[in-house]
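Some notes on the structure that comes next.
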Amino acid sequence: MTFKNKCVVFTGSLQSMLRKNAIEKVNAAGGIVKNYVSRETDYLVITPRQLDMFEEERKSKK
């Protein structure tokens, strides 16, 4: 997976590493980390606890 010039957003608590380390890895791979979801978001990293946010009736219009 390539992150070059891709916008990545992390949401929730990461289980396998600290958020700071995840951000460093994305940046090292040429990606851009943002603190908010927008139309420019390429990858949204979520935790299993937040999967219910993506049920059909709760989908965002973004």
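The values are calculated or read from the model by the stated rules, or taken from the named source; none is laboratory data. The model shown is predicted, which means the values in this text are computed figures rather than measured ones. Virtual Cβ from ideal backbone geometry, glycine too; neighbours counted across all protein chains shown.
Here are the numbers:
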| read-out | value |
| --- | --- |
| Every residue from segment 23-43 that is among the acidic types (Asp, Glu) and under 9 Å from the mean Cα position of the chain (by Cα) | Asp42 |
| Tabulated pairs, segment 12-27, first at pLDDT 95 or above, second in a helix (DSSP H, G or I) and loosely packed, with under 14 Cβ neighbours inside 10 Å, C-beta under 8 angstrom, 6+ apart or interchain | none |
| From the options Leu44, Leu51, residue that is of a type in the set (A, V, I, L, M, F, W, C), at pLDDT below 95 and assigned to a helix (DSSP H, G or I) | Leu51 |
